[in-house]
Amino acid sequence: MAAVVFSLLLALGAFLFALWPLFGEREPIPDQRPPGLLKEAVARSARELETDLKLEKIREEDLEVILRHLEKESVS
Amino acid sequence: MGTVGTYALFTALALALWGTVASLGAYRSGDLRLLRSAVRSIHGITLLTGIAVLSLWAALLRNDFTLKYVWEYSRTTQPLIYKLSALWGGMSGSLLFWCTLLAVFSSLAVTLNRRNNLRLLPFTSFLLLLTLLFFLVVLVFKTSPFEPLFDGNGVALKDYPPDALAQVEGNGLNPLLQNLYMAIHPPMLYLGYVGFAIPFAFIFGALAHRERNTFWMRSARNWAMFSWLALGIGILLGGFWAYIELGWGGYWAWDPVENASFLPWVTGTAFLHSFLMQEKRGIYRFWNVFFILATFLLCIYGTFLTRSGILQSVHAFGQEDPSIPWYFQLGTLFIAFLAAMLVLGVTLILRRKDLLASGQRLESAASREGLFLYANLLLGLMALIVLFGVTSPIFYRMATGKELSHGPEFYNPRILPVALAVLLVMGLASIAPWRRGGWEAYRKHLLFPSLAGASALLASVAALLRGGPALRSDLAARPLTYAYLLACIALSFFVAAILLEEYVRSVRAARRSGQGPPWALLHPFRENPRRYGGYLVHLGVVCLFLGVAFSGTFQREYQESMKVGDAVRFGPYTVRLASLGHDDLNADLRKVNEARVWADLQVFKGDRFVSLLRPQRVFYAANPQQPTYEVAIHSRLMEDFYTVLAGFSLEENTVVLGAYVNPMVAWLWLGGLFVLVGGLTALVPMRRW
């Protein structure tokens, strides 16, 4: 009996917890992208590619083309 | 405990149903309230499935044999660790464990991404909740671990008087699973299987939300890397378990369930490499969604193969009752889910194909991008071969009613050339230049690796030619095997030399920029942890190739009858049977769980004493008619001397001793260590240390 009561209380609590946000005001999901992360993602790729320049794994003009493309991708 | 667990699963199912509807509503309407409710549903499911797991563990620890699952997979005298690991020892328990892990990972993923990737969460949550819903439907309606046990008269054991109930004893966990590595191996595999659901959900979430940007990739990549690593280590642990527990001297037999775990690992490998190209160059988007969809589906397919009992395997532990209608069989449910996810994934890919076009073309076939493409093609081909090998017996049986099983004779000739090509591409991709490529980079950096590969090849050929008549006749009998071996040795040295050269180049660059020796040695791992962690993984793969090639080609097998006091030669080793010992075999196994018989062996190599070994046979209460093997191994880097107590007679003081001389098996475990360390380096960058 105690197990059944505990289980029913648990179920009630879980549903209240899940449905609670529906009692609030309607809000749209923010559509903004995190600008810091965009820059960070491009910077990380750029940093790794610049290391490759030192190791002669990429030509300077190729690096510029790739970085330009990454920049363009990050704002599209 | 059963009541709490059953109610918890019912409530989790209801929450999953609501969460799926709410997340789909949030995706279509953009209502934040619905998204929050869906996310909270995931957290609720985590709590409830966690309670269900704790309930089952409590029942196992308390020997609550009123539950069928506990009765089937535990017994009073079972050691604590195997009572706990019985959670994944049977079908319904392992599905509960799968589902709980997925709920925990989903909770973690949505929590970690609630700020940065909030706009991707509606569809991501929808996919995760849909997967949770499927597993909860199976757990609630098909195979619940909390099902009560009934006796032969249809009376539930929970209605027994306490005195009668106290007399009931469980079956116990399969003796083969009562092994420490088997307690770790399945959870590692599950971490991998389940973990791939997260990058799958994020990538298809990004696709559904028309997100072309790359800021969400880091999260997806880390989850994929973690899952790939866990799956890979899980597979290796499984190989180690087979090596020490099954007593046949091997570690991999192309068993269908082994293959089922290998398949998502192969496509996951392709995905991880291809994904790098999307991050850096914005290319191979289609390949990435294809590979992550394939990996996720293959994870589910692997779970289906193991649980449905559709294939004959030492691992498969699900057997469907034939009286159940076909549409409610576990296999049908899994196939329906797989088909639904496949249709959903393909539809989304087709509807978003404009987002998957990179707008860039491959500038040079010899560029890094080109080599990554070859890797994709080769790994995809490897996955297709294994998938055909695993799946064709199912269709063959449906068409003819006869059994078919593919073993090494099917896989080795098809997989080996592809695997060697992967090894070559793995080496070349490390030095290949970006974008327009150019052959000068190869000319400049291939001299040392080519010399290393050629020297290793010449030395190996010379060693084969100098070998005795036995080696020459073996060479004549298996020329292709030796050709593969030589190719593997040459390529392994070639790739290892490339990796060494790459590391030295980076250290030199650090020295030129003024860093002192200790920091310069660590510099590559601090500057670009993903790449150099990846190189460590590649070094581990080279070790794995060498271990497989040598142990597969040169394994020698012996079997001899011996009396106590006898000394017998097994290849280069001489073994003296010092004594034969045993526990009380007349003891009531229900009280002691196990009884052992062992042989004490003194092992000599030439005249030199090298080791004391004690191979054993263990009689478990769960199945005393089939004693398991506990092998004893004298393990060194270049060679294992592996002994197994194949038979014994306590009356006559004799044993039948099986022995294997296995060259370089330790390289597999060493390779696994490199893979683990390299993977962790790539996952947890040193910059943060």
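Values as computed for the structure displayed
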quantity: Residue within the range B:659-668 that is at positive phi, outside any strand (DSSP E or B) and surrounded by 21 or more Cβ atoms within 10 Å (Cβ to Cβ) present; calculated: yes
quantity: Output for the range A:15-40, where each listed residue is assigned to a helix (DSSP H, G or I) and modelled with pLDDT of 75 or more; calculated: A:PHE15, A:LEU16, A:PHE17, A:ALA18, A:LEU19, A:TRP20, A:PRO21, A:LEU22, A:PHE23, A:LYS39, A:GLU40
quantity: Answer from B:GLY552, B:GLY540, B:GLY514, B:GLY534 - the residue that is among the small types (Gly, Ala, Ser), within 14 Å of chain A (Cβ to nearest Cβ) and under 21 Å from B:VAL418 (Cβ atoms); calculated: B:GLY534
quantity: Any chance A:LEU63 is assigned to a helix (DSSP H, G or I), more than 7 Å from chain B (Cβ to nearest Cβ), surrounded by 15 or more Cβ atoms within 10 Å (Cβ to Cβ) and without any contact (Cβ under 8 Å) to a residue 24 or more places away in the chain; calculated: yes
quantity: Spans of helices (runs of 4 or more DSSP H) in the range B:348-456 with at least 2 residues without any contact (Cβ under 8 Å) to a residue 24 or more places away in the chain and within 14 Å of chain A (Cβ to nearest Cβ); calculated: B:439-445
quantity: Residues satisfying the stated conditions in the range B:23-44, i.e. facing chain A (nearest Cβ under 8 Å), of a type in the set (A, V, I, L, M) and surrounded by 24 or more Cβ atoms within 10 Å (Cβ to Cβ); calculated: B:ALA26, B:LEU34, B:LEU35
quantity: Which listed residue, of B:ARG119, B:ARG115, is outside any helix (DSSP H, G or I), within 13 Å of chain A (Cβ to nearest Cβ), surrounded by fewer than 24 Cβ atoms within 10 Å (Cβ to Cβ) and of a type in the set (D, E, K, R); calculated: B:ARG115
quantity: Strands (runs of 3 or more DSSP E) contained entirely in the range B:504-614, each with at least 2 residues that are under 29 Å from the mean Cα position of the chain (by Cα); calculated: B:556-563
quantity: Flag if B:ILE81 is in contact with a helix residue (DSSP H, G or I) (Cβ under 7 Å, 6 or more places away or on another chain), within 13 Å of chain A (Cβ to nearest Cβ) and farther than 18 Å from B:PRO148 by Cα; calculated: no
quantity: Residues (surrounded by 16 or more Cβ atoms within 10 Å (Cβ to Cβ) and more than 7 Å from every other protein chain (Cβ to nearest Cβ)) located in the range A:16-43; calculated: A:VAL42
quantity: Every residue from the range B:7-22 that is crowded, with 23+ Cβ neighbours inside 10 Å and among the β-branched types (Val, Ile, Thr); calculated: B:THR11
quantity: Criterion violated by A:SER76 - all others in (1) facing chain B (nearest Cβ under 7 Å); (2) closer than 29 Å to B:LEU355 by Cβ; (3) modelled with pLDDT of 80 or more; (4) surrounded by fewer than 13 Cβ atoms within 10 Å (Cβ to Cβ) satisfied; calculated: (3)
quantity: Residue pairs meeting the criteria (Cβ under 6 Å; at least 6 apart or on separate chains; first of a type in the set (Ser, Thr, Tyr), in the range B:473-493; second part of a helix (DSSP H, G or I)); calculated: B:THR481/B:THR553; B:TYR482/B:LEU475; B:TYR484/B:LEU416; B:SER492/B:VAL542; B:SER492/B:PHE545; B:SER492/B:LEU546
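Conditions (1) surrounded by fewer than 20 Cβ atoms within 10 Å (Cβ to Cβ); (2) within 14 Å of another protein chain (Cβ to nearest Cβ); (3) at pLDDT 95 or above; (4) not in a helix (DSSP H, G or I), marked per residue:
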residue: B:SER55; (1), (2), (3), (4): no, yes, yes, no
residue: B:LEU60; (1), (2), (3), (4): no, no, yes, no
residue: B:THR76; (1), (2), (3), (4): yes, no, no, yes
residue: B:ALA103; (1), (2), (3), (4): no, yes, yes, no
residue: B:PHE134; (1), (2), (3), (4): no, no, yes, no
residue: B:VAL137; (1), (2), (3), (4): yes, no, yes, no
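The values are calculated or read from the model by the stated rules, or taken from the named source; none is laboratory data. This is a predicted model, so every value here is computed, not measured. All Cβ positions, glycine included, derive from the backbone under ideal geometry; neighbour counts span all protein chains shown.
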